[in-house]
Structures are given as C-alpha cells and as structure tokens.
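Derivation of every value follows stated rules applied to the coordinates shown; laboratory data play no part. The shown structure was predicted, so the numbers you read here are calculated from the model rather than taken from an experiment. Note that each Cβ is placed from the backbone with ideal geometry, even for glycine, and that neighbours are counted across all protein chains shown.
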Amino acid sequence: MKSFTSKLFYFGIALLFIPQQAYAMHIMEGFLPPGWAIFWFLLSLPFLFIGLRSIQQTVKEHPESKMLLGLSGAFAFVLSALKIPSVTGSSSHPTGIGLGTILFGPFIMSVMGSIVLLFQTLLLAHGGLTTLGANIFSMAIVGPFIAYGIFKGATKIGASFSVAVFLAAMLGDIGTYIMTSFQLAIAFPSEVGSFFASFQKFSGIFALTQIPLAVSEGILTVIVMNFLQLYNKRELTALNILKVKEN
C-alpha cells in the first residue's frame, strides 16, 4: 500500500490539471511600475541562491526527503490556487507555505514557493512574469520566515506541536498579505495620506477575506502534519521535526 505521503503527493499533482478560474495571483501581470518589479526580483535572488544550496545539501544528506519536498510543493500549489477576488489587481487565497517551512526551513521553501508561483503564472495565468519577484518576496520569502520564526518561538515557550504548527501556518499566511499590502502601498501611495493611507486601505480590504482563510490553512496544515507523523515518522525524525515534540 502506498504511504499517505505518496497518495497526497499524487493527489496534488492531479489537481494541477483541473481548470480553475484565473484570478490574479497576488499582484497581476503589469500591475507594478517597472522599477518596483525589478527591485523585488533583485531582492529575492539571494534567498533563492541560499535555498538552492540548502536543497542540494538536504537531498544529499536525506535522500528519503524527496517525496516530502514534492508534497510541500504540491500542497502550496493547490492551496494557493484557491483564490477569492479581493483588491483590484490582486486576490486573497491560502498560501500553503507553512507545511514546507516547518519541514525544511524558510530558505528551501523560498525556492519551492518560487517554483509554485512560476508554474501558476505559466500554466494558469495567475500572477505574472513582471510581478514574479514581488510575489516571490511576499509569499515565498516573507511568509516562510514569519512561519519559521513563529514555529520556533512557539515551541520554545512550551506550546504543543499542533499549536505551533497552527500558529506558524496561520501567521505566515497573514504575514504574506501584510507584505503584499506594503508592496502595493509603496508603489501606489494615496494622494491624501500617502503610504500610510494606502497601506491601511489595502491591508484592511485583504483582512476581510484573509483572516478566515489563514485560520482554515492553519487547521489543514495541522491535519496534514498529524498524518505525516503517522505515516512518515522516520523521515520527520531524520529532519529533526519530531525532536521538538518529543522533548
């Protein structure tokens, strides 16, 4: 019988080919001024470089983790393809970055998230190539680093494993949209109130749809992680994921 990881991985791959309505992924094609589009792309490059080296090292030391890497990418792809229209030029949706961040850390998830965003741009017309750098920075870099910090912080203060996973996935999701609001506000400051007024407007509208989505993502991530503990305990132990729970 195939393991739970294998089943979920292939289920995620199958979902890639289900037609979905093409709302914009975070910030749509051509929406940002060229200067800001280039800025966010260049700012993302060092994280991706470190992430690629981290993937090489992880696969070399733990070749059994390849399926979990694929699962993390499929999980992020499927969740982040479930979108609700929000502010003009963007949308609200789960990000799916919490699972991979907890399993492999923020740098590796920055690469996985970037691949997810690239595939959705090319295959589903979600987002755009010109805004790819900005979308990478918000969902694949800022989100994972917030999720990782929350997970580590929660476990250090004695929170249970499930609570730490829930908080990491939920707040990583919300952090992504705070960053997206910042990117939009700094590119399009309001005529009255400048950046702060614009940020308040973008983040306020996002919050209406994003908070319940973030809570739902946190719950789903806990469910998936609990299944992984049952069916992939050896891999999680090798990655030092279960050590936190056992101490």
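Cβ neighbours within 10 Å, averaged per peptide: list 152-158, 42-48, 66-72, 100-106 in order, most packed at the top.
Numbers: 152-158: 12.9, 42-48: 15.3, 66-72: 20.3, 100-106: 26.1.
Going by the mean number of other Cβ atoms within 10 Å, highest first, we get 100-106, 66-72, 42-48, 152-158.
If the chain between LEU118 and VAL215 were fully stretched, how many nm would it gain, using 0.36 nm times the residue separation less the Cα-Cα distance?
Working: separation 97, 0.36 × 97 = 34.92 nm, distance 2.57 nm.
Result: 32.3 nm gained on full extension.
On a full-extension model of 0.36 nm per residue, what is the gain between SER190 and ALA125, subtracting their alpha-carbon distance, rounded to one decimal in nm?
Values: separation 65, 0.36 × 65 = 23.40 nm, distance 2.87 nm.
Contour length minus the Cα-Cα distance gives 20.5 nm.
Taking 0.36 nm per residue of separation and subtracting the Cα-Cα distance, what length does fully extending ASN226 through HIS62 add?
Contour length minus the Cα-Cα distance gives 56.9 nm.
Given that compact globular proteins tend to follow 2.2 N^0.38 Å, what is the ratio of the alpha-carbon Rg of segment 23-242 to that value?
Values: Rg = 16.9 Å, N = 220, 2.2 N^0.38 = 17.1 Å.
Cα Rg divided by the expected 2.2 N^0.38 Å: 0.99.
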